[in-house]
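Undergrad: A single structure is presented below for examination.
Derivation of every value follows stated rules applied to the coordinates shown; laboratory data play no part. Here the structure is a predicted model, which is why all the values come from computation and not from measurement. Don't worry about glycine lacking a Cβ; one is built from the backbone with ideal geometry, like all the others, and counts go over all protein chains shown.
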Amino acid sequence: MAHLQPGEWVSHPAPSTFQLAANRLGWRLDEVLCLGLHAAPFARLRPLLGRGVRAICTLRDGPAVADLGRWLNENGHPNARLTVLERLGGPQERIAQGLPDGEIGAPVSAAIEATDPGLPGASGLPDELFQHDGQITKRPIRALTLSALAPRKGEVLWDLGAGSGSVGIEWLLAGGARVEALEADPGRASRAQANVESFGLGHRHHLHVFRAPRGIEALPRPDAVFIGGGASEALLARLWEIVPAGTRLVLNAVTLETEALVLDWFNRTGGSLLRIGLCEPAAIGQKHGWRAALPILQWSVTR
């Protein structure tokens, strides 16, 4: 229907699996997540499940029910209550709490009642949730970066120098619609893609293995741009030429050379500067003191 004109198709509506399942369970359909996992990874559940959340999911076939149970157990929801609903609306309909005995007949769906806490809702997820080689925007910096990027529903982010992909992932978790990410290092790009898939966000995150500004003209126009690495005069000049007016740009500078670049562009175009200095406790003999991380200069500007 999405690819046809209104006069080119006829619809004959009938009760859906989601409607039938909600009816059998006594759940209000408008308070339930409805997910088609018959052709999508279970990881789509990861950003959505949390204590008190209910979801109805269509599944590929009977064996997929056990696969879903294992996925829940291995991804923070071992105590989720699972109801299996087989062949709803037909003479062989069967509903069972937990994994039923014997062969499970298709079409099959599963109802999930989550009782374990899910992912935190605030920006700045723990670094341990991401694969990385040290090239990651650390949790406190990431929280400040997401605050400056200010993701909104329907918006597109360019994540230039994606590293582990953590900023792009949190952009999507915070409500952004899409990410176009660039990473020049193939190893880091592979890790970033694995991180994206682990959060079930591969359908909204597109990663390109090359170094900006190469190829950025072909990307969908952004609402926000994050430069996590590879900042240069050429990149900023090209961005300033092609991104639409109103685009938000955030750059985190660590080196003196990048700081000098940022200060030059700040003097020319304005925006706001934030110098971030973080300290963590570290052992000094048998006692402890504060160990300072490298300071970061964050520049935020609207084109």
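Undergrad: Per residue and in Å³, how big is the convex hull formed by the alpha-carbon atoms of the stretch 114-167?
TA: That works out to 105 Å³ per residue.
Undergrad: Let's test this: bin the Cα-Cα distances of the chain at 20 Å from zero up to the farthest pair and state each bin's percent.
TA: Once binned at 20 Å, the Cα pair distances of the chain give 28, 46, 23, 2.
Undergrad: Still on this structure: How big is the antiparallel share of DSSP beta bridges in the stretch 144-303, given as a percent to the nearest 5? Please report the intermediate quantities before stating the final value.
TA: Values: 17 of 34 bridges.
Given both bridge residues lie in the stretch 144-303, the antiparallel proportion sits at roughly 50 percent.
Undergrad: Label point 7 Å out from Ser16 along Cα-to-Cβ: which residues of the stretch 77-105 have amide N under 18 Å?
TA: Residues 85-89 fall inside that zone.
Undergrad: Quick one: 3J(HN,Hα) in Hz for the stretch 41-56, Karplus 6.51/-1.76/1.60 with θ = phi - 60°, rounded, Gly and Pro as x.
TA: Here the 3J(HN,Hα) series is x, 4, 4, 4, 6, 4, x, 9, 7, x, 3, x, 7, 10, 9, 10 Hz.
Undergrad: Further, regarding this structure: Which whole-number percent gives the relative contact order of the stretch 8-76, counting Cα pairs below 8 Å spaced six or more residues apart?
TA: 32 percent
Undergrad: Relative contact order for the stretch 127-302: what is it in percent, counting Cα pairs under 8 Å that are at least 6 residues apart?
TA: Relative contact order of the stretch 127-302: 19 percent.
Undergrad: Compute the angle between helix 233-242 and the longest alpha-carbon principal axis of the chain, please, reported from 0 to 90 degrees and rounded to the nearest 10.
TA: 50 degrees
Undergrad: Which whole-angstrom value gives the distance between the alpha carbon centres of the stretch 187-266 and the stretch 148-168?
TA: If we compute the Cα centre of each part, the gap is 8 Å.
Undergrad: Tell me, what HN-Hα J-couplings in whole Hz come from the Karplus equation 6.51 cos²θ - 1.76 cosθ + 1.60 at θ = phi - 60° for each residue of the stretch 110-127, using x for Gly and Pro?
TA: 10, 9, 10, 10, 7, 10, 9, x, x, 5, x, x, 7, 5, x, 5, x, 4
Undergrad: Can you say what percent of the DSSP beta bridges in the stretch 41-188, counting only those with both residues inside, are antiparallel? Round to 5. Please list the in-between numbers first.
TA: Values: 16 of 21 bridges.
Roughly 75 percent of the beta bridges in the stretch 41-188 run antiparallel, per DSSP.
Undergrad: Taking amide H positions as placed 1.01 Å from N in the peptide plane, with prolines and chain starts having none, which residues 5 or more places from Leu33, or on another chain, fall under 5 Å of its amide H?
TA: Arg54, Ala55, Ile56
Undergrad: I need to check one value: relative contact order of the stretch 23-167, counting alpha carbon pairs closer than 8 Å and at least 6 residues apart, in percent.
TA: Contact order relative to length: 23 percent.
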